[in-house]
1. Given the DSSP H assignment, sum -39500 (n - 2.57) over each helix run of at least 4 residues in the protein assembly as shown and divide by its residue total; what's the result at 222 nm in deg cm²/dmol, nearest 500?
2. May I ask you to list the lysines whose Cα is less than 28 Å away from that of residue B:244, ignoring any residue fewer than eight positions away on the same chain?
3. For the stretch B:175-247 and the stretch D:287-306, what is the separation of their C-alpha centers, rounded to whole Å?
4. What helices does chain C hold that run 18 Å or longer along their axis, going by alpha-carbon atoms, with a Kyte-Doolittle average of 0.0 or more, using DSSP H for the helix calls?
5. For the stretch E:353-440, state which GluC sites (Glu not before Pro) are in a DSSP loop and have at most 10 other beta carbons lying within 10 Å of their beta carbon.
6. In debye to the nearest 20, how big a dipole does the stretch A:5-204 give about its Cα centre with +1 on each Lys and Arg Cβ and -1 on each Asp and Glu Cβ?
7. Of the lysine pairs in the stretch D:19-308, how many meet both conditions: Cα atoms under 29 Å apart, and a spacing of 8 or more in sequence or different chains?
8. Along the charge dipole of the stretch E:1-156, Cβ charges K/R +1 and D/E -1, which of E:42, E:27, E:91 sits furthest on the positive end?
Amino acid sequence: MIDNVYLSDISRGILKENPIFRLVLGMCPTLAITVLVKNGLGMGLAVIAVLTCSNVVVSSLRRYIPEQVRIPCYIVIIATFVTIIEMVLQAFVPALYDALGVFVPLIVVNCIILGRAEAFAGKQPVLRSLFDGIGSGLGFTLGLLVLSLVREVFGNGTLLAETKMAVQLFGANFEPMRIFAQPAGAFIVLGLLLALTNIVFKRLQID
Amino acid sequence: MQILFAVIALGGVGAFFGLLLGLAARFFAVPTDSRIEAIREALPGANCGACAYAGCNQYAEAIIEERAPLNGCIPGGAMTAEAIAAIMGEEVDAVEPVVAAVFCRGDQRHARDLFTYHGILDCDYAQQFHGGFKACPDGCLGLGNCVRACPFEAISMGPRGLPLVDQSACTGCGLCAEACPRDIIRLVPQGDQGHLVWCSSQQRGKTVTRSCEVGCTGCRACVRACPQEAISMEGYLAVIDLQKCDDCGLCVEKCRFGSILPRRESAAPAAAESEAASA
Amino acid sequence: MEKLISILFIYILVDNFVLQRFFGICPFLGVSRKMETAMGMGMAVVFVITLSTLVTWLVHYYILVPLGLEFLQLVTFILVIAGLVQLVETFLRKTSPTLYQGLGIYLPLITTNCAVLAVALLAVRQDFSLLESVVFGIAASLGFWMALVIMSGIRERLDLAKVPASLQGTAITLITAGILSLAFMGFRGMLSF
Amino acid sequence: MNDRLVISSSPHIRTVQSVRSVMVDVLVALGPVVAVAVLLFGYRAVVTMGVAIFFAMLAESLWLRRLNIFGDGSAALTGLLLAMTLPPDVPWWITAVGAVTAIIIGKQVYGGIGNNIFNPALVGRAVLVVSWGSRLVGPIWPQPKPFHFLADISAVTAATPLAGEAEALGTTLSQIFIGNVAGCLGETSALALLLGGFWLLYKGHIDWRIPGGFIVTVFLMGTAFGGGFYNNSLTTGLFHVLAGGVLLGAIFMATDMVTSPVTPWGKLIFGVGCGLITMLIRLFGAYPEGVTFAILTMNALTPLLDKFTIPKKFGEVKQVA
Amino acid sequence: MATAMFKGGVHPEYRKELTASLAITALPIPEKVIIPLQQHIGAPCEPLVEVDDSVKKGRAIGQSESFVSAPVHAGISGRVTAIGPYNHPLGHKVEAITIESDGLDEWDGQIRPLENLEERSPEELLGAIREAGIVGMGGATFPAHVKLSPPEGKAIDTVIINGAECEPYLTADHRLMLEEPENVVLGLEIMMKVLGAGKGIIAIEDNKPDAIRVMQQVVGGKPDLSVVPLKTKYPQGAEKMLIQVTARRQVPSGGLPLDVGVVNHNTGTAAAIAEAVLTGRPLIERVVTVTGEGIRRPANLKVRVGTLVSELLEFCGGLKEETRKLVMGGPMMGLAQPTSDLPVIKGTSGIVALTAAEVELYESGTCIRCARCVDSCPMNLVPTFIAQAAEHGQFDRAEKLHAADCIECGCCAYVCPARIPLTQWIRIAKAEVLARRKTK
């Protein structure tokens, strides 16, 4: 389908091996912070940044890291970038930082990042790892966006709330279905979305 | 100054645990299968648990003990599965592709039932009652053990109680043939070349005609008719060697019972019926 | 004392770590297929969280704070947890094969269980005392254990149910977790500290 | 071909009961409750029940692509049970959302009847409570207007007995028993609920253990911890049984066969657990009523209860070590 | 006397009124009999005759060296015309000896009664029972002499005659107790003597008050015998339930009645034993209830073993149009037959023809967990879980759920509103579990 290896590195992460809908990884932040599109987008960008950086560093250091201490080294690398992102967020978008809460430092233990470092960046050249990081990160962000879109529209009746482009969708009399904003709603919506992607992928015969 | 502290603290923690782990690894070392190591290397090592095992280690051990499928690692995907397969030495030999075929045409219209069975819809269990409800002891019971056995959804139950094989989905794994208690399903080369005797009856001719309109009676008319000598008898059943068959169709003309059909047509009537049934 | 009991109660039922706070979802989804593994995993998590909370609290207040290195919190915590888990695993594997089979095999999974790191971080962020931190860790992990065991029971039954193909596996587990979360919302507002 | 004999495994005779007949019997058992609801709340009750039943049956037949909208009757039952848990003045669209949610999320995603883990009607209600809490469990409820079928009930409001102790004192227990109080459609009249319950017990569709364990636990907890605000502790216990949704829950919801244990001990523990959690929520929780959440929580525990309460087989001998 | 109860059970429609008041009629001597060489649990017999041999009534024509086996005898006098496989009630073909009648119906010359009954030793009595080919006639067909030979160290103090006849429709035992009560009691006394048991009990369900009365009259004055009325509930006649209710002892799981000092036998078996000892005549005929809505003239018939079912049906006026199912034995535990071209065997207590109205082909649905099967199971099992485990091939789980303890009474499947073939599933699980235990 796509012969360019870099393009396929990107598209794989977004579609075929979408972290959320296909691999079902990184569920904790996915469920927790997708109440609003803004939060989903923020978390997604943070993950893209960390994932890309850590992929690049892991890949460039892959020959120098001894096998035995591979995982601890990866974790330190990831933790470093997460700390940096944390500081950046705190400094420039404090509201978003507060909204994401403890889930920003928890990016460290997001299976996607360690998983990509192990499965891909630890074995592949730097440039491919870069694109793989971007691809998986974009896939993750896409998942967050879809989920937060559904939850915000039904659970809050708005689009892009708490941003400059906020839209009140259904007028003032609308009584939003609050369950979408609740933890229970997050689980149920994600479950249904997963089922939906299963059906779509089966129809399109992508496996 | 702070930077120095940071380096020292981090280095200290790192060194402390590194030392501890190094010591621990030396003193508490447990010998393991080298393949487990190799598989663990091949695995992403995220310990995400998506494989339903407690971690990559456990999954690797399960593979070695052949309790787990090779492609169980979801994050690793196909690449990892291939790598594991290489370690386990399980390479798929290049063989001629085969597909499953149902050697019975005795559907609800053509074959007689002795009685009505009511109970668990399972060929094995139905057969426990007076040897099965079909008058033909080798005929398809149509309760779908093969359909349930197929992991690829390549077999479905036709409208008149005969299973239909979807050649494009069939991988020739043979699970359906194993599942059939009457050994009606056999594996044949892929494609629609050649003719076949669509019957598995080992009964004498008289018994066959009493129980089924399309069963092979073993009359040998086809054997005599075949210019390629592709047809031979196995007991009371004619069998066509697809290697020798050149699709001339003379056997079809000679067969009084309609047991022989070209492969490309064998599925057609059933398909047409299912369309008619749904219309 | 009252605060300790409140913490215990709240983090088991009211603010359940899995169902209301979304920590440790990956192992929750992965290891809840069989009751046996759920029990083992739960036990291991209780053990590790309690231990790691204790250690990270000490590291934070006796190393990082005096040195003014709070910004290294994340890196040190994750290192400490990873090291601790590895250590316990190696130790168990050698000393007690039975305990290792029951508990140790779940240990590698726990490093990436965000509940562990979350407890360590939240204990410091909420200014808990050492005792409170440990109780918090126990409560959070017991809550995790409980959710895991309940879910494993349900999934064993779902294995026998006629769940539509597209919903099988994670999808139906998530929906079930959602309804479970909904049921647990009834405990809201019960206690506070 | 009708001359062929039928062969099957024994037994060769079967009871005349079927899933459908069981569902119809439960619908019949709800008869007195429905009658009281219509009597008290007039046409609003009819509208709510109608909408709930219709949308439940519609959702089920659409999902199953089935023409027979009544089917085995379970969807209609779910719809009616959901309606019973809703306030009389609830907007019709809330009822509809609840009914569809109950059928789809509560039942069909699990594979339909027999496979669901949670009581569908209560899943529907819980979703509604969490989504539009103020409309379902708010402090102000319409006052019933017996025998005024077309009355606009929302004109006069009152608090439900459970909403506040002070208001409760103004309502006598006998009124709560008969049902002339504010509340959800199906939970006001203890009398009607008990009638239905005895009919179900008589028909063998429910086991005494679940409602028994539930009600007794609520009574004991109410007596012990209710504070005795209602004359004395015992009447307070009784009040907790009669007011709110305990009877509706104990007789019609907790006893839902699919989502409750099958073993005798499992059933008893299930009932007691429902009672315990209900009273925990009532006494200490943020919600005034806890029956829905209690039953859903115990639904989740049902597989565990079933697993660990397998009865002792006949002739089991103690293993002599 | 109050009757204790057992847990579970069901109350099906009994329909015994169809035949309960009809006296036993002897079926005319058939043209031919087909005598299967295996009519009992245990080793099959080897034929003692060849084709074209002439045999007299009562001559042994099949025997086995094995202890767990019972000989078979010629039911009529005549000529052996064939030896070969023939339809059998168990559902597969079994070697059988066909005898064509010479119309004389003469007894074999070697048959003579045991004289001086009082002086005979238990061993001699037991030998006579074995020679007579007597098996459990309630349907289980376990050779009688095996049950009457408890292993060393197992003392039997109680013999129970099972006159419960809890299966719906059947009245063969009921009629036998009314018409040959002395034989039943004598059979019981012989068994007590063989076993050295001090106590004899005749247990009868209270839907047969006349049988209880008659038996009480016969038993009257014998201090070691008693008649125990039972509440009418299926499966009251199941061995383990019967022993619990009458002897107040619970047979341990996996054990036999003799583990609690009890042996029980069917009414018909007792009468056959009495007959064999009194006259020396082997078991060649039995009482069969031919009944059901599908039979034109229901009857209780005395039939030679080996008579074709079709002859019985013909004698009873044939089957009605609407007959859809032919059951050999009672409707709860009997075996459905695809044809009437098969012989009556020693365990055939009844032939029940069920009509379309009773046999409606229900679609089986999904379990709604109503727990009726749990409530009805007399063995205190959880049928729905066992069936579920079997359906998913989880036989380890089925074993943990005690699938092997099932007595296959059919109560669970009877009460299931979803019409799940629970008993069939559990049978599959039980067979698999027992097979696995054997290989272990």
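Coordinate-derived values only; no laboratory data. Since the structure is predicted, the reported quantities are computational estimates derived from the model, not experimental observations. Here the Cβ is made from the backbone with ideal geometry for all residues, glycine too, and neighbour counts use every protein chain on show.
1. -14000 deg cm²/dmol
2. By straight Cα distance, residue B:244 reaches B:254.
3. The distance from the Cα centre of the stretch B:175-247 to that of the stretch D:287-306 comes to 61 Å.
4. Membrane-span-like by this rule: C:35-59, C:73-95, C:130-158, C:170-184.
5. Values: sites: E:358, E:360, E:363, E:391, E:399, E:408, E:432; in loops: E:360, E:363, E:408.
Sites meeting the loop and neighbour criteria: E:363.
6. For this selection, approximately 560 debye.
7. 6
8. It is E:91, whose Cα lies furthest towards the positive end.
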